[in-house]
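Engineer: Quick one: structure below, then a few questions.
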Amino acid sequence: MVKVNFRIEEGLHERLVRRAAAADLSLSEFVRLVLAQAAEPNRGYIFSSKDEILATSIQILSILVVAVGRRSPEAVEQGMAEARALLAERGLLDPELDPIPGAREMVR
């Protein structure tokens, strides 16, 4: 077994000790189990990457656009104009893809 040595804040240490005691485990046993769970390839990873979050958001928004578009294509058009304007304001839109002039005013 490999020995790992690292520093953590005192408050985190206290919380981990309490959790380990509640599970009737030593701190080392508890931390090994937590780390093994975090590294398990077939389980949900405790930290989602930004790409995973972005992909999930895009999927959800795509489903929403299809559902709204069936009821009101105009609402989708307005939403897209608003999104382009917001992205442009934050510098997240290619300047060559300028939002529709007056899009912010059109939506409000």
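Taken together, the values in this text are just the output of simple stated rules run on the coordinates, not laboratory data. This structure is a prediction, so every number in the text was calculated from the model and none was measured. As a convention, Cβ positions derive from the backbone with ideal geometry for all residues, glycine included, and neighbour counts pool all protein chains shown.
Engineer: Could you tell me whether the range 1-85 comes out rounded, prolate or oblate from its Cα gyration tensor? Rule is a ≥ b ≥ c as square roots of the eigenvalues, rounded for a/c under 1.5, then prolate if a/b exceeds b/c, otherwise oblate.
Structural biologist: Prolate, because a/c is 1.5 or more and a/b exceeds b/c.
Engineer: If neighbour count is taken as other Cβ atoms inside 10 Å, put 87, 54 in order from fewest to most.
Structural biologist: Sorted ascending by nearby Cβ count, the order is 54, 87.
Engineer: In addition: Net charge near residue 36: determine it from the other residues with C-beta under 13 Å of the C-beta of residue 36, scoring Lys and Arg +1 and Asp and Glu -1.
Structural biologist: Net charge around residue 36: 0.
Engineer: How big is the C-alpha Rg of the range 1-47 next to the rule-of-thumb value 2.2 N^0.38 Å, as a ratio?
Structural biologist: 1.23
Engineer: Restrict the search to the range 16-82; then list the chymotrypsin sites (Phe, Trp or Tyr not before Pro) that DSSP places in a loop and that have at most 13 other Cβ atoms within 10 Å of their Cβ.
Structural biologist: Passing sites in the range 16-82 are 45, 47.
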